[in-house]
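Heads up: the structure comes next, in structure tokens.
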Ligand SMILES: *Cc1c(COP(=O)(O)O)cnc(C)c1O
């Protein structure tokens, strides 16, 4: 499909003393550069879903997410590109009468309509009965699950790794709903291992990933350093600023920075047993950085963004 033809990203080496001293080489795949505000992996997960929606002559896409969701924004943007209408079912009915945050304002500018639902109702998002009711109410709609993680989303993420990436022993990727890491697992070479770094604490994500993958050569680390999803402290902010200063790469505070922090921690504690040639998948996710900084400034820290 022509909208996605150009998806291709470069690997860039990250040179830090800790890697050099341990004889480790680390590269980062700049999926974050695929688009200035849409996370690279979200484009990949939407590719075959949108293709199917268009082939089936649907006129609308419905999907789910939180108020800062990169997936919701990517869906709104693709809707605008393809002339498909979009509905975002957003977690939190308290948002109904509030001013839209910048993520949702961008979605609206791309033409998305919203349905704000309570956190209790949001829990039903994968429930067959609930989905059927949605289908009946919104005829001729294509429904995509939260995070774009379904069979077709995983298929799109099987295109992230390329031939040159055979160089690496281990591929690391942040994990939310699990689709991206599942695609990597399915497309890796036999000699490679996939490590996923969950942005959530004690998630049930292993079971989700297992449903989509064709081998067992992978491992997921839960977020046990930063107290869970979207929790950001001073230590993390300093780490992000420090990496940016040393490498020129700005990592997002929800997913990619926590992954690299975790890896460096394991290397410094002599717990790294996964190979000397590491590829990190940088999934992007900087679109909400100003909003996050607004909150951080109240706590006395700030991600330096330039
Ligand atoms: C959604 C997202 C992820 C997680 O991807 P999943 O396929 O949901 O596991 C990682 N990084 C960023 C920036 C994201 O937006």
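Restricted to the stretch 145-203, and to residues that are away from the ligand (no atom under 14 Å from the Cβ) and under 22 Å from residue 69 (Cα atoms), which residue is farthest from the chain's Cα centre (by Cα)? Going through the qualifying residues, I end up with 202. Taken over the stretch 205-218, the criterion of being surrounded by fewer than 17 Cβ atoms within 10 Å (Cβ to Cβ), within 15 Å of the ligand (Cβ to nearest atom) and more than 17 Å from the chain's Cα centre (by Cα) is satisfied by 207, 210, 211.
When residue 284 is tested against (1) touching a strand residue (DSSP E or B) at 6+ places or on another chain (Cβ under 7 Å); (2) under 16 Å from residue 179 (Cβ atoms); (3) at pLDDT below 95, exactly one condition is not met: (1).
Assessment of the stretch 16-35 against the conditions (under 29 Å from residue 138 (Cβ atoms) and within 16 Å of the ligand (Cβ to nearest atom)) yields at least one matching residue.
With the structure loaded, tell me whether residue 274 is within 14 Å of the ligand (Cβ to nearest atom) and part of a loop (DSSP other than H, G, I, E, B) or whether it fails that test. No: the conditions fail for residue 274. Could you say whether any residue in the stretch 233-240 is under 23 Å from residue 29 (Cα atoms), within 12 Å of the ligand (Cβ to nearest atom) and surrounded by fewer than 17 Cβ atoms within 10 Å (Cβ to Cβ)? Among the residues of the stretch 233-240, not one is under 23 Å from residue 29 (Cα atoms), within 12 Å of the ligand (Cβ to nearest atom) and surrounded by fewer than 17 Cβ atoms within 10 Å (Cβ to Cβ), which makes the answer no.
The values are calculated or read from the model by the stated rules, or taken from the named source; none is laboratory data. Quantities reported herein were computed from a predicted structural model and do not represent experimental measurements. We place every Cβ from the backbone using ideal geometry, glycine too, and count neighbours over all the protein chains shown.
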